[in-house]
Amino acid sequence: AKEEGRNNFQFFTSEMNELVSRKSKIAMSIRKGLELGEFTVHYQPQIDITSEKIIGVEALVRWNHSLLGPISPAEFIPIAEENGMILQIGEYVLHTACQQNKSWQNAGLEAFRVAVNISAKQFSQGNIAEIVTSALKQSGLAPEFLELELTESIIQGTASAISKMQELKAMGIHLSIDDFGTGYSSLSYLKMFPIDTLKIDQHFTRNIHSNPKDAALVDTIIQMAHNLELNVIAEGVETPEQLAFLKTKKCNQAQGYFFHKPMLPEMIEELYVKA
Ligand code: C2E
Ligand code: CA
Ligand code: CA
Ligand code: CA
């Protein structure tokens, strides 16, 4: 039994070592990956439910690592937040998304907004208004065509978060709350913060037809958003049934695989040509 215990322990530690080393490989290669152009940005259309037209796109970062292959942002973003590289990744995505949207406009596509995810650290540490100003200036994109997606964790309470949001809002940028309903929810922030849009988290959307409580929550979030004169978008829409439910509840917009997966910028242009 003693022998077995030791073996289990050794097995456990070697597995842990493997995990630790993947994590530290990722952490240590972000800077080089950015320099080598291993990061790209894909775009997922956001659809107006009534007209079924594309009203915006969300920018989602991708990383094809030279040794590890494609790594999900769900894996590397938390690591980048931990070691601070999220600031560099965030600037890269913001600049790329603004430039891309401007070049779509230059190519004659009907103008729409690009939504960029902003991590908590980027919002609290970086001078977000300055970074955004420079991305707009360099790209020539008008502020009304940029939206920042903030999570509830960012905006929890602090006075400086409120004033940063007001500063961005005054510049003419749209602000949305991402993954709404999954964070620590003090609803009172909704009346204090200059928000345009609530994004219903995909977890709720997924369960609309399997869990009546999730359906009730989606319904309630939509009604609340409208009562507060906020726009509301459901993410993770995968089925016609989910879309039909959202339509009867008068949800404004939808995003998800039912319409389109995140795609290369050239594919967005093709969508427009077809439309
Ligand atoms: P998120 O902001 O909630 O983004 C939505 C995620 O859901 C994306 O995953 C998207 O590809 C996926 N998705 C979209 N439609 C559907 C659907 O119908 N069904 C399902 N199952 N999934 C759908 P992705 O691209 O892997 O990103 C994961 C997370 O990583 C994002 O969640 C966001 O939190 C973070 N992330 C991605 N790009 C960035 C970025 O540029 N900056 C920051 N700070 N975070 C990012
Ligand atoms: Ca998002
Ligand atoms: Ca989300
Ligand atoms: Ca999320």
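Where a number appears in this text, it was derived from the coordinates with a stated rule and is not lab data. Everything numeric in this text was worked out from a predicted model, so none of it was measured. Glycine gets a Cβ as well: all are built from the backbone with ideal geometry, and neighbour counts include every protein chain shown.
A few remarks follow.
- Counting neighbouring Cβ atoms within 10 Å and putting the fewest first, the residues Lys164, Lys191 line up as Lys191, Lys164.
- Entries of Lys199/Lys247; Lys164/Lys191; Lys199/Lys261; Lys137/Lys169; Lys121/Lys249 with Cα pairs more than 27 Å apart: Lys121/Lys249
- The chain: DSSP helices with Cα axial extent of at least 27 Å and average Kyte-Doolittle hydropathy no lower than 0.5: none
- Structural size metrics of region 63-123, computed from C-alpha coordinates, are Rg and Dmax of 14.1, 40 Å.
- Rg to Rh quotient for the chain, alpha carbon positions, Kirkwood Rh: 1.01
- Note on Leu68 and Glu35: with the Förster distance fixed at 22 Å, the Cβ-Cβ geometry gives a FRET efficiency of about 0.85.
- Of all beta bridges that DSSP places with both ends in the chain, some 40 percent have antiparallel geometry.
- Charge dipole (Cα centre; +1 on Lys/Arg Cβ, -1 on Asp/Glu Cβ; no other charges) of the chain amounts to roughly 200 debye.
- Sequence of Leu190, Leu243 once ranked by neighbouring C-beta atoms within 10 Å, starting from the fewest: Leu190, Leu243
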